Every structure is written in structure tokens, then in C-alpha cells.
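Peer 1: A single structure is presented below for examination.
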Amino acid sequence: MVRFEEITRCAPEIQDTLIGIMSDKVLFVPELDGEAAHCFGQPGFNIIATANLRDRGVHEMSSALKRRFNFETVHPIPDRAAELELVLRETRAQLGEARAPAEVGEDVLRLLVTTFQDLRRGETEDGVVVERPSTVMSTAEAVSVGVSAALDAAYFGEGRLEPAHLARHLAGAIAQGQAEDHERLDAYFEQVVRRRAEESPLWRSYWEGREK
């Protein structure tokens, strides 16, 4: 089983090498001699390729290569509780693998998941309309922010993930260098986080962390 990451970010010449491999189930390695130069796929051989919907048009797959794949779109998790459970579990698991001494509370990651769901939908639960960033805002990105913020807390803080750590790491995941998305994230903090900060100490820490 082969996992091919970000296939639409590979040059067409690299993509095209998959056509023969998937059709004939054999890989020719010219650097090897004799029978060793032919690597045959074993029964059950398959390739799972991933691509981000945002990357359409970067290096579009050829029609010949597309015919050799079945396509499945994995949508973000719509249920907030289910997404929070997954983000919490995966964040803690990755920190455990890294042996990072960080304490991660559910209440703090709930801020992260709420932010992702608000921006993903373009509207908060209480009906405030916000501009959606151009990025996909996937659950995997939420986990990435949780892990990087927790590492920040572990090695540059007091070992406990705080809302301020999340606020500092959001821009890299959501805006990703896009000026328009930076503005949308800033607007979200002004319109939504600032208002919630008046009612919740947790959201206040989130707001103040963004300001630093």
C-alpha cells in the first residue's frame, strides 16, 4: 500500500510515472541490474493519493491518470463535539509521541475548534456572519495548530496550553501568507472574539494573546 501525498503539487512528469505502475503493477529501476531492476507489485498492491481541493489547477492530473483512481472527498467534521474529541485525542497523541511535557485541556481546544467551525461556515452559532478564509480549514489543520501551540507552551511557557498560545499560532494555519486571509482572521477577532472576551475569561485570554 503506497500513500502518495499532495499529488497535485507534483510536476506532471512525476505524476505520469504512476500511469504505467498502476496499469502494469511493475516499477522499473534502471540503477539495478537483471531481475532486480523490475519490482513487481504484490497481491493487494494499491496507491492512495491525497490532494487538497484548494490546490486544483496547481498541477492538474491528466485524464489518463484520473481514470486509474477512484475519488473520495473527505469533508470537515460538521459536528462540533465530534471534531473536538478528534482534535483533543490526536493533539495529545502527537505530543505523547514527541514526548513533549505539555498539558492540554479540553476547554482551550474548544476555542480552537469553535474558531475553525465559525470561519469554515462563515457564520457563528449565534448568527454573526464572518468572511471565510480561502484555505480549507480542515480538522487536520486544527490538530496542527493545537500541537504547535502546545509545543510552544511546553518549551517556551509553563507547560500548560493557554488560549494565548493558540492565538499566536492561528495565522500560520489559516492565513498561510495570504494578505486577504490575514485580514479575515483579524476581522474575526474584532467582531467575534472581542465580544466574547467581555463575557468569558477564556475568550479574554484568547483575545489578549492575539494582541501580543
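Only the coordinates and a few stated rules stand behind these numbers; no lab work does. All of these numbers come straight from a predicted model, not from anything done at the bench. Methodologically, a virtual Cβ is constructed for each residue, glycine included, from the backbone with ideal geometry; neighbour enumeration extends over all protein chains shown.
Peer 1: Report, in deg cm²/dmol and to the nearest 500, the calculated mean residue ellipticity at 222 nm for the chain, where each DSSP H run with n ≥ 4 adds -39500 (n - 2.57) and the sum is divided by the residue count.
Peer 2: Using -39500 (n - 2.57) per qualifying helix, the result is -15500 deg cm²/dmol.
Peer 1: Treat each spin label as a single point 7 Å out from the Cα along the C-beta direction, and report the Asp33 to Glu158 distance in nm.
Peer 2: In this crude label model, Asp33 to Glu158 measures out at 6.7 nm.
Peer 1: Report the per residue volume, in Å³, of the convex hull enclosing the C-alpha atoms of the chain. Each step should come with its number before you reach the end.
Peer 2: Numbers: hull volume 36.1 nm³, N = 212.
With only Cα atoms used, the chain gives 170 Å³ per residue.
Peer 1: Treating the beta-carbon of each Lys and Arg as +1 and of each Asp and Glu as -1, no other charges, what is the dipole magnitude of the range 120-160 about its Cα centre, to the nearest 20 debye? The partial results should precede the final answer.
Peer 2: On the way: 4 positive and 7 negative charges, 27 e Å.
The dipole magnitude comes to about 140 debye.
Peer 1: Starting from the amide H of Arg160, placed 1.01 Å from N in the peptide plane, find each other amide H under 5 Å away whose residue is 5 or more places distant or on another chain.
Peer 2: Glu103
Peer 1: Right, another one. For helix 201-211, what angle does its Cα long axis make with the longest principal axis of the chain, in degrees from 0 to 90 and rounded to 10?
Peer 2: Rounded to the nearest ten degrees, it is 70.
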